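Enquirer: Please read through the structure below; I'll follow up with questions.
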Amino acid sequence: MAKLKLFYGLFLFPLIVAIGMAALLCTVVFLTHEEETPETLIAAIKSGSPSKRWQKAFELSNELNRHPEMIRGKGVMNEIIHILSDPDHYDPKTRSYMAMALSRFKDPEAVYALRQRLDKEEAEVQFYLIWALGNLGAREAVRDLEPFLSREAADLRKIAAYVLGILGDKKTVSKLEPLLDDSVDDVSWNAALSLARLGDDSGKEVLLKMLDRNILVSHQMSKQEIENVMVNAVKGLAMLKNVEFIPLLQSLAQGDESLKVRQAAIEAIQYQKEGALHG
């Protein structure tokens with residue numbers, strides 16, 4: 001009985017009180033919450049303290065992504081461009097999220113603004129500018145992005161390699177090939193995947209290494225990370241439409257420990273066979 005009283009005294013009753021206070025707090029938040037709009041978020045970014053601006057910028061990017069119907073005109077887009085282009089008043093993190101927000105606008109002015117900032121920003125912001133151009137499918141920016149394949153910052157080489165594959169200009173093949181030997185795995189992997197998207201098989205050896213669990217484990221990667229790399233490699237092989245990879249894909253489909261890898265391999269085999277039939 002004494003232990004039971006101790007249990008109630010030290011755990012259960014404090015827990016009930018905590019739950020009650022949390023419920024009260026949630027009720028107060030719900031009753032006092034005001035729905036944010038792109039306009040109110042922009043106003044908060046412009047008037048807020050430097051430590052709070054990036055949070056509102058992040059929220060704005062997310063809201064525009066989740067609710068594209070909020071994009072009602074060019075007013076918000078122009079405000080975003082203004083903040084993105086003003087490094088004297090807005091920190092890199094805020095401007096990075098502005099680049100992400102700008103990628104929600106399918107407008108030539110958005111593409112132009114992102115391209116204009118590429119050579120004027122630090123690496124942190126450049127990463128998001130490149131990502132945003134890829135999200136907009138801005139093929140006119142291909143020549144602007146190619147120099148980033150040789151930048152010292154590995155993150156810039158990685159994102160540039162990825163985006164150039166997404167944009168789909170086959171003239172970038174010769175620019176991507178040297179990155180297959182990059183000392184940073186993520187860079188060489190993205191180069192191989194982008195080359196596959198462009199229909200070039202020069203990165204197939206890299207893709208095959210991405211399917212070697214022993215190699216991936218030796219990189220001290222988590223199971224989730226290994227799974228993601230292998231799924232991407234399977235998709236890369238599928239894009240090459242080469243039937244010589246079918247035995248390997250069948251082996252993965254039948255025996256890999258990851259359900260996602262097995263499913264990706266099954267879909268890749270079907271894609272390969274359909275390609276062979278239509279070829």
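Every number here is computed from the coordinates shown, using simple stated rules; none is lab data. As the structure is a computational prediction, the values presented were derived from the model and not from experiment. Here the Cβ is made from the backbone with ideal geometry for all residues, glycine too, and neighbour counts use every protein chain on show.
Enquirer: In the list K260, K273, which residue meets the criterion of being of a type in the set (D, E, K, R), in a helix (DSSP H, G or I) and either under 24 Å from Y162 (Cα atoms) or touching a Gly at 6+ places or on another chain (Cβ under 9 Å) (or both)?
Expert: That would be K260, the only listed residue that is of a type in the set (D, E, K, R), in a helix (DSSP H, G or I) and either under 24 Å from Y162 (Cα atoms) or touching a Gly at 6+ places or on another chain (Cβ under 9 Å) (or both).
Enquirer: Another question, then. State whether one or more residues within the stretch 39-61 are within 21 Å of the chain's Cα centre (by Cα) and of a type in the set (S, T, Y).
Expert: yes
Enquirer: Another question about this same structure. Any residue that is touching a helix residue (DSSP H, G or I) at 6+ places or on another chain (Cβ under 7 Å) and surrounded by 22 or more Cβ atoms within 10 Å (Cβ to Cβ) - is there at least one of those in the stretch 220-227?
Expert: Checking the stretch 220-227: not a single residue is touching a helix residue (DSSP H, G or I) at 6+ places or on another chain (Cβ under 7 Å) and surrounded by 22 or more Cβ atoms within 10 Å (Cβ to Cβ).
Enquirer: In the stretch 62-114, what residues are part of a helix (DSSP H, G or I), of a type in the set (F, W, Y) and in contact (Cβ under 8 Å) with a residue 24 or more places away in the chain?
Expert: Y97
Enquirer: Another question, then. Every residue in the stretch 175-226 that is in contact (Cβ under 8 Å) with a residue 40 or more places away in the chain, under 14 Å from L240 (Cα atoms) and outside any helix (DSSP H, G or I), please.
Expert: If the condition is that a residue be in contact (Cβ under 8 Å) with a residue 40 or more places away in the chain, under 14 Å from L240 (Cα atoms) and outside any helix (DSSP H, G or I), then G199, D201 are the ones that fit.
Enquirer: Count, please, the residues in the stretch 117-135 that happen to be among the aliphatic types (A, V, I, L, M) and surrounded by fewer than 21 Cβ atoms within 10 Å (Cβ to Cβ).
Expert: Total satisfying the criteria: 2.
Enquirer: Free of Cβ contacts under 8 Å to residues at least 24 places away in the same chain and either touching a Cys at 6+ places or on another chain (Cβ under 7 Å) or outside any helix (DSSP H, G or I) (or both) - does that describe any residue in the stretch 157-174?
Expert: no
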